[in-house]
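These notes are about the structure you will find just below.
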Amino acid sequence: MKSLSVLSVTSELFPIIKTGGLADVAGALPFALAQEGVRVVSLLPGYPVVMKALEQIDTIREYPDLFGGAARLVSASAHQMELFVLDAPHLYDRPGSPYLTPDGRDWPDNARRFAALARIAAAIGQGEVAGFIPDIVHAHDWQAGLAPAYLHYSDLPRPGTVMTIHNISFQGIFPADLLYELGLPPDAFTVDGVEYYGQIGFLKAGLRFADRVTTVSPTYAKEIQTPEGGMGLDGLLRSRSKDVFGILNGIDESVWDPSSDKSLAATFTPDTLEGREANKAALQARLGLDADPDTILFGVVSRLSEQKGLDLVLAALPSFLADGAQLALLGAGEGILEDSFRAASIVYPGQVGCVLGYDEELAHLIQGGSDALLVPSRFEPCGLTQLCAMRYGNVPVVSRVGGLADTVIDANEMAIASGVATGFQFSPVNLTGLLDAANRVKMLWSDRDSWRRVQKNGMAAQVGWNRAAKRYAQLYRSCLEVI
Ligand SMILES: Nc1ncnc2c1ncn2[C@@H]1O[C@H](COP(=O)(O)OP(=O)(O)O[C@H]2O[C@H](CO)[C@@H](O)[C@H](O)[C@H]2O)[C@@H](O)[C@H]1O
């Protein structure tokens, strides 16, 4: 079979720069796809942390004026990944997160910052780099959404294009008067182009012009084609439904491996699950929780946002904790949620512990040391933490939406009897649903042999990238038939 080359266009890439699950996926796919004969080179913005991480930097092109300043395209490597980096100091050399100012507001020039990324992606797709002409340009999320549009409006031959939605609630919507400055032709401003309710929609543009659209689970692929789940893009997605695919994410099993994880107090396998006890003790000590091996310890590792449904956990706390249960939370995000969890740790000393911030090592310890992981999302394209939880013998308790519904097998009587249960699902996603689930979880916890079986089933579940990599490879090949 012909080998393929892909330019992956992404605003985050683990382990170099990460604010959420997009980084994990963009960082793991190149390695998984290499097994399928697909070469992936990733194009990233040159944020300060990215520039610092690079090795073997080679300048490929210089641009005297790219959206208001001088820039260059470099090739480099980092963490065994092949990279192109857009080094544009006027766009990316600044403090804060990739998208937000240090005080938490969107950078006012985000349209230019990510149009530049997409513009260079399109140029690479059309031969900018001697020796690397990709068969496919794969755009991730709105930040890369204009790449398929730039390719569409160019007269040169183009590669195949794939647009992946990691989260449809982030759409990259900007004022219409930027059209000219972004280098889009006047006739692009129609409902069949980049126009989105009177503005310019970056994700909309990608969904309109990519040869194939993917999202990160089969259930989310259906949900986004409904008015409730599509956030304004469902009509467009329905009109393209034969080109829309749900490919379930995996996790990097070498990063998330409880038998060798250096962030744990003790490593363990399905046959040495008692190793988890030392992790539970370490987690309780780290978060100021009472040292108690027998009480159930719930964990949370999450961005703190409306999507993730953690306000339901706050509302559930009084009954949740009445029997001595504990909660260990690691999260960062909306101020009101951060404040509320901080307050909860004061109201329930020894029972609620939280770390508000981003901490990769602690995320691993929570997975290896808590008994059950709460993921009560209102919507969830795929979700990665429930996959990590299963691999770490941490029983996931999830809402029945999106990829959570596709990855966790609910411990109902039938599933327990037939030995396939891997966690708990609940629906509807409200306080009653969560409390009912918590009661079922606690009942199973009181029957330690059954609990152990559910842990082991989770640890045996396929959560790696192999299957998804095969599907992406097939999808790329199918694009080449349509261009
Ligand atoms: N405070 C913290 N400290 C350390 N680590 C933290 C952390 N908060 C979160 N993380 C980590 O960040 C990642 C989050 O990934 P998720 O898939 O759960 O959600 P996210 O909504 O960011 O991703 C979006 O994209 C991904 C990828 O497609 C989809 O799975 C998902 O449904 C979609 O919402 C996990 O690796 C988690 O461990």
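A few comments on the model shown:
- Yes/no for Tyr392 being within 14 Å of the ligand (Cβ to nearest atom), under 24 Å from Arg276 (Cα atoms), crowded, with 20+ Cβ neighbours inside 10 Å and of a type in the set (Phe, Trp, Tyr): yes
- Between Gly96, Gly46, the distinction of being at pLDDT below 95, within 21 Å of the chain's Cα centre (by Cα) and under 29 Å from Leu207 (Cβ atoms) belongs to Gly96 only.
- Within region 362-374, the set of residues being in contact with a strand residue (DSSP E or B) (Cβ under 6 Å, 6 or more places away or on another chain) and buried (at least 24 other Cβ atoms within 10 Å of the Cβ) comprises Ile366, Ser370, Ala372, Leu373, Leu374.
- Taken over region 40-60, residues that are among the basic types (Lys, Arg) and either under 18 Å from Gly464 (Cβ atoms) or buried (at least 16 other Cβ atoms within 10 Å of the Cβ) (or both) amount to 0.
- Residue in region 428-483 that is surrounded by the fewest Cβ atoms within 10 Å (Cβ to Cβ), counting only those that are among the acidic types (Asp, Glu) and under 22 Å from Ala325 (Cα atoms): Asp449
- Unique match (being within 16 Å of the ligand (Cβ to nearest atom) and exposed (fewer than 15 other Cβ atoms within 10 Å of the Cβ)) among Ser259, Ser254, Ser241: Ser254
- In region 324-342, residue surrounded by the fewest Cβ atoms within 10 Å (Cβ to Cβ) [restricted to those that are closer than 19 Å to Leu387 by Cα and among the hydrophobic types (A, V, I, L, M, F, W, C)]: Leu330
- Subset of region 17-31 (residues that are touching a helix residue (DSSP H, G or I) at 6+ places or on another chain (Cβ under 8 Å) and either assigned by TED's automatic domain parsing to the domain that holds Ala332 or surrounded by fewer than 22 Cβ atoms within 10 Å (Cβ to Cβ) (or both)): Ile17, Lys18
- Any hit, region 416-423, residues being buried (at least 23 other Cβ atoms within 10 Å of the Cβ) and out of contact with any helix residue (DSSP H, G or I) (no Cβ under 6 Å at 6 or more places or on another chain): yes
- From Gly127, Gly131, residue being closer than 23 Å to Arg477 by Cα, modelled with pLDDT under 95, assigned by TED's automatic domain parsing to the domain that holds Val25 and surrounded by fewer than 22 Cβ atoms within 10 Å (Cβ to Cβ): Gly131
- Matching entry among Leu7, Leu22 (being of a type in the set (A, V, I, L, M), away from the ligand (no atom under 16 Å from the Cβ) and under 20 Å from Gly206 (Cα atoms)): Leu7
- Within region 258-282, the set of residues being over 16 Å from Glu360 (Cβ atoms) and of a type in the set (Asp, Glu) comprises Asp271, Glu274, Glu277.
- Matching entry among Asp58, Asp103 (being outside any loop (DSSP other than H, G, I, E, B) and among the acidic types (Asp, Glu)): Asp58
- Scan of region 330-355 for residues that are in contact (Cβ under 8 Å) with a residue 40 or more places away in the chain, within 16 Å of the ligand (Cβ to nearest atom), of a type outside the set (Val, Ile, Thr) and in a strand (DSSP E or B), ordered by number: Gly353, Cys354
- Of the residues making up region 139-171, those that are closer than 23 Å to Tyr63 by Cβ and touching a strand residue (DSSP E or B) at 6+ places or on another chain (Cβ under 7 Å) number 9.
- Spans of helices (runs of 4 or more DSSP H) in region 387-483 with at least 1 residues in contact with a strand residue (DSSP E or B) (Cβ under 9 Å, 6 or more places away or on another chain) and without any contact (Cβ under 8 Å) to a residue 12 or more places away in the chain: 431-445
- All positions within region 217-252 that are within 19 Å of the chain's Cα centre (by Cα) and farther than 18 Å from Phe379 by Cβ: Phe245, Gly250, Ile251, Asp252
Every residue, every condition in (1) within 19 Å of Gln462 (Cα to Cα); (2) under 21 Å from the mean Cα position of the chain (by Cα); (3) modelled with pLDDT under 95, yes or no:
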| residue | (1), (2), (3) |
| --- | --- |
| Pro381 | yes, yes, no |
| Gln386 | yes, yes, no |
| Ile416 | yes, no, yes |
| Ala421 | yes, no, no |
| Gln425 | yes, yes, no |
| Asn430 | no, no, no |
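- Test: residue in region 315-323 that is buried (at least 21 other Cβ atoms within 10 Å of the Cβ) and within 15 Å of the ligand (Cβ to nearest atom): no
- Residue within region 285-296 that is loosely packed, with under 14 Cβ neighbours inside 10 Å, without any contact (Cβ under 8 Å) to a residue 40 or more places away in the chain and in contact with an Asp or Glu (Cβ under 9 Å, 6 or more places away or on another chain) present: yes
- Of all the residues in region 296-312, those that are more than 13 Å from the ligand (Cβ to nearest atom) and farther than 17 Å from Gly393 by Cβ number 2.
- The C-beta contact set for region 301-326 (first residue under 11 Å from Leu435 (Cα atoms), second residue at pLDDT below 95 and crowded, with 18+ Cβ neighbours inside 10 Å, distance under 8 angstrom, 6+ apart or interchain) comprises Val313/Phe320.
- Condition met for Ala130 (over 24 Å from the mean Cα position of the chain (by Cα) and of a type in the set (Gly, Ala, Ser)): yes
The values are calculated or read from the model by the stated rules, or taken from the named source; none is laboratory data. Please read these numbers as outputs of a predicted model, since none were measured by experiment. Cβ coordinates were reconstructed from backbone atoms using ideal geometry, including for glycine residues, and neighbour counts include every protein chain displayed.
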